[in-house]
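Presented below is the structure to which this report refers.
The values are calculated or read from the model by the stated rules, or taken from the named source; none is laboratory data. Just so it is clear, the model here is predicted, and its values are computed rather than measured. Positions of Cβ are backbone-derived with ideal geometry, glycine not excepted, and every protein chain shown enters the neighbour counts. These accessible areas exclude ligands, DNA and RNA; they are computed on the full protein's heavy atoms, side chains included. Shrake-Rupley method; radii C 1.70, N 1.55, O 1.52, S 1.80 Å.
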Amino acid sequence: ITGVKTKADATTEIVIVADNGTVTLKHGEKVVFSQVPIGAVKVTETDVDESKYNVNPTSKVVESTITTEAVVKADFTNTMKYGKLRVVKMVSAPTGIALDKNEEFEFIININDVAENDVIHYTVGGTAKTATVDKDGNITILLKHMQSAFFEHLPVGKIEVNENLTKEQAKLYTPDITIIPEAEITEDIMVRAVFVNVIKTATLTIEKKVE
């Protein structure tokens with residue numbers, strides 16, 4: 001049978017599907033077949049990654065009957081699954097050594113299933129912030145001592161959080177960890193990535209002599 005596919009940008013193309021054949025649709029696309037034989041019809045959505053999407057209908061099947069009185073619609077909706085991430089920054093120092101509470105530390109976060117220039121929303125201390133995805137699927141954020149970044153809607157799947165110390169910071173601090181490799185974002189579960197830098201210290205000896 002012959003149909004007309006309408007794309008998201010409103011352009012159209014002709015598609016021809018055999019009985020029990022397949023047609024591929026992207027988000028926002030639809031296809032209309034205007035000369036379908038009267039009788040039972042069954043439409044099945046295939047190749048859906050249900051680890052990433054909630055599907056509707058859950059059976060992924062629409063069954064109906066083609067008649068001359070009404071238009072039969074087969075609508076399929078995939079809703080992306082999201083999880084949460086909190087990145088926490090802390091600095092530790094021995095008693096008596098002051099901390100620079102305004103010093104910023106850079107974190108690079110690699111996110112699953114995003115595209116270049118996507119905008120990721122998050123908060124720091126309740127203040128809304130955004131970060132833009134680069135060509136490698138990374139975003140960059142800055143945190144100070146005792147700050148945390150909260151991401152409420154990240155796609156499920158692998159995620160990697162890397163603290164990127166500058167050369168000067170690497171001289172001053174010993175990090176407990178610098179990277180959380182391939183943590184797993186799962187639906188409605190929050191992943192915590194806590195980074196603690198310890199200020200490096202050395203021994204100073206002052207000797208006094210009187211002769």
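Couple of notes before you dig in:
- Stokes-Einstein, applied to the Kirkwood radius of region 91-209 over Cα pairs at a viscosity of 0.692 mPa s and 37 °C, places its translational diffusion at 204 µm² s⁻¹.
- The stretch between Val23 and Ala74, if pulled fully straight at 0.36 nm per residue, gains 17.1 nm over its current Cα-Cα span.
- Note on region 155-211: Rg/Rh from C-alpha atoms, Kirkwood Rh, equals 1.36.
- Listed residues Gly125, Val191, His145: farthest to the positive end of the dipole of region 101-196 (Cβ charges): His145
- Residues of region 42-80 with amide N under 19 Å of a point placed 7 Å along Cα→Cβ from His153: 52-56, 77-80
- Calculated FRET value between Ile14 and Glu187, using beta carbons and R₀ = 25 Å, to 0.05: 0.05
- Loop-resident sites, region 35-80, for GluC sites (Glu not before Pro), counting at most 13 other Cβ within 10 Å (DSSP): Glu50, Glu69
- Dividing the Cα radius of gyration of the chain by its Kirkwood radius returns 1.26 for Rg/Rh.
- What the chain shows is 68 Å² of accessible area per residue, with the surface traced by a 1.4 Å probe over protein heavy atoms.
- The mean sequence distance of close C-alpha pairs (under 8 Å, at least 6 residues apart), as a share of the length of the chain, puts its relative contact order at 19 percent.
- Sorting the segments 90-96, 52-58, 8-14 by their mean number of nearby beta carbons within 10 angstrom, highest to lowest, gives 52-58, 90-96, 8-14.
- Taking Glu29, Glu116, Glu182 in turn, the Gaussian network model of the chain (Cα-Cα springs below 10 Å) assigns the largest fluctuation to Glu29.
- For region 1-62, taking Cα atoms only, Rg and Dmax work out to 13.0, 37 Å respectively.
- Glu104 paired with Glu50, simple spin-label distance in nm, labels 7 Å along Cα-to-beta-carbon: 4.5
- Zone of Ile97's modelled label, taken as backbone nitrogen in region 197-211 under 12 Å from a point 7 Å along Cα→Cβ: 197-204
- The convex hull built on the alpha-carbon positions of region 1-115 has an orientation-averaged projected area of 12.1 nm².
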